[in-house]
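Participant: I'd like to ask you about the structure that follows.
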Amino acid sequence: MGPAPKLSPSPPPAPAFESGKTVKKIRGLIWLYFFLLIFEGTFRKWIVPQFSDVLLIVRDPVVIAIYLLAVKAKVFPRNGYILSLAIISFLSCLVSFVVLQPFLGLQPMVLVTGYGFRSNFLHLPLIFVMGKVMDEDDVKKLGWWVLFGLIPMCVLLALQFSSAPDAFVNRTAGLGETQQITAGGGKIRPPGTFSFGSGIVFYAALSASYLLYASLSRGLYRNWLLYSAGLALVVTVGVSGSRSVLLAVLVVLASLVALLFFRPSAVNQFARNLLIVVVVLLVASRLPVFNEGIQVLSDRFTGAAEAEETSIAGGLAARMLGGFIEGFQLLTRAPIGGYGLGIGTNGGAKFLTGRAMFLLTEGEWGRVVLESGPILGLAFLVWRTMLTFKIGLISLRKLKEGNILPIMLYAAGFLALLNGQFGQPTTLGFATFLCGLCLAATNRQTTGLELGPEEADDPRRRRTARRSRYAEQLHSIPARRHPDDFVNR
């Protein structure tokens, strides 16, 4: 009697295999979303400026495709935040049609309301999707590219700052003759590869969060990258001509206070990397373009303080709190149904007047209240506030457990979610992406589909967390999943 035939392991169930492939596609689309977020302005300003208006919403099809694949893979979030957001968005659109119907035809009414919907609601579920399909390793890999990309970005910013306002490198999006916002002294506020200056604000904050995290960790990135990116960040702040860039970086650095309170031992590692800070500042101080930029930035601070008859610190505080105060002041002045969803965005104004402008107010909270009225507008602002604080609580909880990356990313993105101008596509993109990265960083292991009992017991489906298979056999304890209750409920 011959030997028994060897049985080859049966393939995994087709649905699970297909879902795994779908999750990989979602991750790929998230990287595409990030690429378009960084380089959208490059296409709008220099490569195909004739398609500038269409490229303004180039990430919308990507995020819709992500949602469709997430539904297919059964990873689309189902929680109270998504349900309440769906209700608020539906009612806001319905009320907007009622309010605008007497004044606009069908086409402009649909365009304006549709643009308002995509500005306020369309991209926000991506935060939760990223928290379910990405993990800490994905976030660290993206951090390498963020820091590496900061080096050529810094060179471009320095070139834009040194060039004349009407130079080719300082073109604005589209085929118009407008120029970039000036910073004083005949210099513009360089936007880099972005269409709007806000892109540099959030990119600098994101870079600062990764640099700070790397300085608190051992061997995360090579020293040449840390030195180069550190120098690039300092020069970026210097030549930005923007108080918001400096403030955003300072907010990230302020997250060290949370570390001092919850994880004081982690700050000891930062002290060992002070040499990087000293070398970076020494080299930057010898760059003429940096010194010129610091002078322009200093003049902006003092000029703004004199105009507002306050101190520099008081001016920064007023800048941060002014948008919130305006929103509350307008609660009693806005019509019960608002003036129509999308009316206050630049895109909505262009549909109505042919020009991008602020028809209502420049402040985000004021725009939301005036567009949707005191009831729905306030409901949406409360939703954003609650989500902002919830992600902050999750980041603090992970910090107590020893994971310091989420709190770094939270410091870079929470203001964008709380008070960022969603009518501006770059700000909306960074608010979504930074908060999504923050949730993804809370996942210590590779995430994917939630496994059922049969799949979890299947050794072919089991995934290791922080222990190799050999170590797992030695300990006879299978690695367990630690899903975050916030993104999975």
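The values are calculated or read from the model by the stated rules, or taken from the named source; none is laboratory data. Note that this is a predicted model, so its numbers are computed, not measured. Note that each Cβ is placed from the backbone with ideal geometry, even for glycine, and that neighbours are counted across all protein chains shown. The area values use the complete protein model at the heavy-atom level, side chains included, leaving out ligands, DNA and RNA. Shrake-Rupley method; radii C 1.70, N 1.55, O 1.52, S 1.80 Å.
Participant: Could you check region 221-230 and list, in sequence order, the residues that are in a helix (DSSP H, G or I) and either free of Cβ contacts under 8 Å to residues at least 60 places away in the same chain or touching a strand residue (DSSP E or B) at 6+ places or on another chain (Cβ under 7 Å) (or both)? I'd like the intermediate steps shown before the answer.
Facilitator: Quick first cut of region 221-230, residues in a helix (DSSP H, G or I) only: 223-230.
Residues satisfying the conditions are Asn223, Trp224, Tyr227, Gly230.
Participant: Right, something else. Among the listed residues Ser217, Ser244, which satisfies the condition of being assigned to a loop (DSSP other than H, G, I, E, B) and either under 17 Å from Ala411 (Cβ atoms) or among the aliphatic types (A, V, I, L, M) (or both)?
Facilitator: On inspection, the qualifying residue turns out to be Ser217.
Participant: Which is surrounded by fewer than 18 Cβ atoms within 10 Å (Cβ to Cβ) and in contact with a helix residue (DSSP H, G or I) (Cβ under 7 Å, 6 or more places away or on another chain), of Leu226, Leu220? Step through it out loud before you land on a result.
Facilitator: Numbers: Leu226 fails: surrounded by fewer than 18 Cβ atoms within 10 Å (Cβ to Cβ).
Criteria check complete, one pass: Leu220.
Participant: Test Ile47 against the criterion of being of a type outside the set (Asp, Glu) and closer than 14 Å to Phe433 by Cα, and give yes or no.
Facilitator: no
Conditions tested, residue by residue: (1) over 25 Å from the mean Cα position of the chain (by Cα); (2) in a loop (DSSP other than H, G, I, E, B).
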position: Asp166; (1), (2): yes, yes
position: Pro190; (1), (2): no, yes
position: Gly199; (1), (2): no, no
position: Tyr210; (1), (2): no, no
position: Val249; (1), (2): no, no
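Participant: May I ask you to verify whether Val155 is of a type in the set (A, V, I, L, M, F, W, C) and closer than 19 Å to Val252 by Cα?
Facilitator: no
Participant: If you don't mind, there's one more thing I want to ask. If you go through region 101-111 one residue at a time, do you hit one that is in contact with a helix residue (DSSP H, G or I) (Cβ under 7 Å, 6 or more places away or on another chain), among the aromatic types (Phe, Trp, Tyr) and either surrounded by 15 or more Cβ atoms within 10 Å (Cβ to Cβ) or without any contact (Cβ under 8 Å) to a residue 40 or more places away in the chain (or both)?
Facilitator: No, region 101-111 contains no residue that is in contact with a helix residue (DSSP H, G or I) (Cβ under 7 Å, 6 or more places away or on another chain), among the aromatic types (Phe, Trp, Tyr) and either surrounded by 15 or more Cβ atoms within 10 Å (Cβ to Cβ) or without any contact (Cβ under 8 Å) to a residue 40 or more places away in the chain (or both).
Participant: Taking Lys141, is it open to solvent by less than 50 Å² (accessible area, probe 1.4 Å) and of a type in the set (Lys, Arg)?
Facilitator: Answer is no for this residue.
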